[in-house]
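Participant: Structure in structure tokens, see below.
The values are calculated or read from the model by the stated rules, or taken from the named source; none is laboratory data. From a predicted model like this one, the values you see are computed outputs, not experimental measurements. Glycine also receives a Cβ, built like all others from the backbone with ideal geometry; neighbour counts cover every protein chain displayed.
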Amino acid sequence: MFNDFPPPGDGGFYDEPDPFLTDLVSGFVNRGGMQLGITLFVKGAVITGTLVSEQDYLEAMSSTFANQAKKSLVKPTSKELKQTEEAFDFSHLAEDVDLPEAMGDLAGFNPFEMNNDEDMPTPPDLPLIRHLHLKDPVILQPGPRASFAHSPISILRLRLQVIDGWMLGKVSPDEDSGEDTFMPPPPPQKAVRH
């Protein structure tokens, strides 16, 4: 009975990314443009930040690399500046495309209008997303807290497959308390009877 499921690490079910998180990232964040606070648990580390779209990540990468390249040009012409921007445009590397474009002939498809299997159009190969993008990530555990808010590109690209757990909401440790907010509370004191 308990051996019906493959053990973790064999490339089976346990190695697959959480389908709910994948749908949330694809539908609400990548395609819907929402930004959501999230806390991730990754191989013993606790990472918190704001989910942003893959397009936000690619635009940040493009802008940073193009700006660095422009600084290296000596008296650039407008044509050279434009060519530099085009050379460092990474938007075509998106793995999560707009659903209506990817669906093509299936966009208006209604399965209840089908008479037989021969009428069924072949579904397109939709890309599987493999990454999420976390803006201003803060690593809370293990060890001292680390923030990347001041890096040139403060967006972490993280494979969905490595995430062990997650919860909506960005953790905001109390800066003024000086206490480790992840330590368990002290055990209750037992009253001593005399």
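Participant: Under 6 Å between Cβ atoms, which residue pairs at least 6 apart in sequence (or on different chains) link something in segment 21-41 that is closer than 16 Å to residue 57 by Cα with a partner that is of a type in the set (Asp, Glu) and crowded, with 19+ Cβ neighbours inside 10 Å?
Facilitator: Final answer for the pair search is 26/96; 30/54; 30/96.
Participant: Taking interchain pairs and intrachain pairs at least six residues apart, which have beta carbon atoms under 6 angstrom, with the first residue in segment 72-83 and touching a residue at least 12 places away in the same chain (Cβ under 8 Å) and the second exposed (fewer than 10 other Cβ atoms within 10 Å of the Cβ)?
Facilitator: none
Participant: A further question follows. Just wondering, is there one or more residues in segment 95-111 that are within 13 Å of the chain's Cα centre (by Cα) and modelled with pLDDT of 55 or more? Before the answer, list the steps.
Facilitator: So the first thing to find is which residues in segment 95-111 are within 13 Å of the chain's Cα centre (by Cα), and the list is 95-96.
Applying the additional criterion that residues be modelled with pLDDT of 55 or more yields 95-96.
Within segment 95-111, one or more residues are within 13 Å of the chain's Cα centre (by Cα) and modelled with pLDDT of 55 or more.
Participant: Now a separate question. Being surrounded by fewer than 15 Cβ atoms within 10 Å (Cβ to Cβ) and assigned to a helix (DSSP H, G or I) is the filter here; which residues of segment 65-89 pass it?
Facilitator: 67, 68, 70, 71, 78, 79, 80, 81, 82, 83, 86, 87
Participant: How many residues, within segment 143-194, are part of a loop (DSSP other than H, G, I, E, B) and at pLDDT 75 or above? Write out each step before concluding.
Facilitator: From segment 143-194, those part of a loop (DSSP other than H, G, I, E, B) are 143-145, 148-154, 163-164, 169-194; that's our starting set.
After this cut, where a residue has to be at pLDDT 75 or above as well, the list is 143-145, 148-154, 163-164, 169-172.
Qualifying residue count for the region: 16.
Participant: Every residue in segment 56-73 that is charged (D, E, K, R) and under 23 Å from residue 29 (Cβ atoms), please. Even if it seems obvious, please write down each step before you answer.
Facilitator: Initial filter on segment 56-73 (charged (D, E, K, R)): 56, 59, 70-71.
Listed by number, the residues that qualify are 56, 59.
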